[in-house]
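K.L.:
Please read through the structure below; I'll follow up with questions.
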Amino acid sequence: HPDLAGSRVNRALADAVRDLEGVTVRDLEGVTVRDLAAVRRESGFDVTAEQRLLVEHDTVVLQFPWYWYSVPGLLKEWLDQVLTYGFAYGSSGNALHGKTLQVVTTTGGPDASYQPGGFNRFTMTELMRPLDATAHLCGMSLAEPFVVHGVRVLDDDALASCGAHYRA
């Protein structure tokens, strides 16, 4: 999220995969939460560090708010800089082969608006095809997306339930 601290839903989801102990925040064992806005430098991302983290994990989770039928610009920049030829794809780019890509996203509109004939005309599966193609190019399997719809009207109980489901 470009402003994770200012996001009610994406912040709650990120917190759901952390252990919060007083003022200490630790990621769950085996999980690394990476706030791209916090680690991006003026010149971009530390590609070596980002690629190292990808290699160290079996599942890569991209969590973001759904922006203009795609990922936010910050995540697109990360994808462009980090998933490079020779690392993520190409004849010798097999560092991510066999890993899983998990998309976790939030939408302002309800599920019904992401259906044929709905306000947005297409299903989320159709709209996520570029991410599916990215996973395929990188030799990754794409897990069933975790989509939280209607965040503008999501009450605290529903948000807690989404967080618990995400954590599980």
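K.L.:
Considering the range 125-139 alone, what residues qualify as being open to solvent by less than 20 Å² (accessible area, probe 1.4 Å) and part of a helix (DSSP H, G or I)?
P.N.:
Quick first cut of the range 125-139, residues open to solvent by less than 20 Å² (accessible area, probe 1.4 Å) only: 128, 131, 135, 138.
Within the range 125-139, Leu131, Ala135 qualify.
K.L.:
I'm told Ser70 meets every condition in (1) more than 14 Å from the chain's Cα centre (by Cα); (2) closer than 20 Å to Gly150 by Cβ except one. Can you identify the failing condition by its number?
P.N.:
So the condition that Ser70 fails would be (1).
K.L.:
Taking the residues in the range 100-117 that are more than 21 Å from Ala135 (Cα to Cα) and not in a loop (DSSP other than H, G, I, E, B) as candidates, determine which candidate is least open to solvent (accessible area, probe 1.4 Å). Spell out how you get there, then give the answer.
P.N.:
The initial filter retains those residues of the range 100-117 that are more than 21 Å from Ala135 (Cα to Cα), namely 107-117.
Then keep just the ones that are not in a loop (DSSP other than H, G, I, E, B); that gives 111-113.
Numbers: Asp111: 83, Ala112: 71, Ser113: 13 Å².
If we take residues in the range 100-117 being more than 21 Å from Ala135 (Cα to Cα) and not in a loop (DSSP other than H, G, I, E, B), then Ser113 is least open to solvent (accessible area, probe 1.4 Å).
K.L.:
Sort out for me the strands (runs of 3 or more DSSP E) sitting completely within the range 1-96 that have 3 or more residues that are modelled with pLDDT of 95 or more and among the aliphatic types (A, V, I, L, M).
P.N.:
59-65
K.L.:
Now for a different question. Name the residues in the range 57-97 that are more than 21 Å from Asp27 (Cβ to Cβ), of a type in the set (Ser, Thr, Tyr) and surrounded by fewer than 19 Cβ atoms within 10 Å (Cβ to Cβ), would you? Explain how you work it out, then say what you get.
P.N.:
Initial filter on the range 57-97 (more than 21 Å from Asp27 (Cβ to Cβ)): 66-73, 76-77, 79-81, 83-95, 97.
Checking which are of a type in the set (Ser, Thr, Tyr) leaves us with 67, 69-70, 84-85, 89, 91-92.
Correct list: Tyr67, Tyr69, Ser70, Thr84, Tyr85, Ser91, Ser92.
K.L.:
While we're on this one: Working carefully through the options Tyr89, Tyr67, find the one that is in contact with a helix residue (DSSP H, G or I) (Cβ under 8 Å, 6 or more places away or on another chain) and free of Cβ contacts under 8 Å to residues at least 24 places away in the same chain. It would help to see each step written out before you state the result.
P.N.:
On the way: Tyr89 fails: free of Cβ contacts under 8 Å to residues at least 24 places away in the same chain.
Just one listed residue meets the conditions, Tyr67.
K.L.:
Residues of the range 140-168 being in a helix (DSSP H, G or I), closer than 17 Å to Ala112 by Cβ and touching a residue at least 60 places away in the same chain (Cβ under 8 Å), which ones? Can you show your working first?
P.N.:
First pass over the range 140-168, keeping only residues in a helix (DSSP H, G or I): 151-153, 156-167.
Filter once more, so that each one left must be closer than 17 Å to Ala112 by Cβ: 151-153, 158.
Val151, the sole residue that qualifies.
The values are calculated or read from the model by the stated rules, or taken from the named source; none is laboratory data. Just so it is clear, the structure is predicted and the values come from calculations on it, not from any experiment. Backbone-built Cβ (ideal geometry, glycine too); neighbour counts: all protein chains shown. For accessibility, only protein heavy atoms count, side chains too; no ligands or nucleic acids. Shrake-Rupley method; radii C 1.70, N 1.55, O 1.52, S 1.80 Å.
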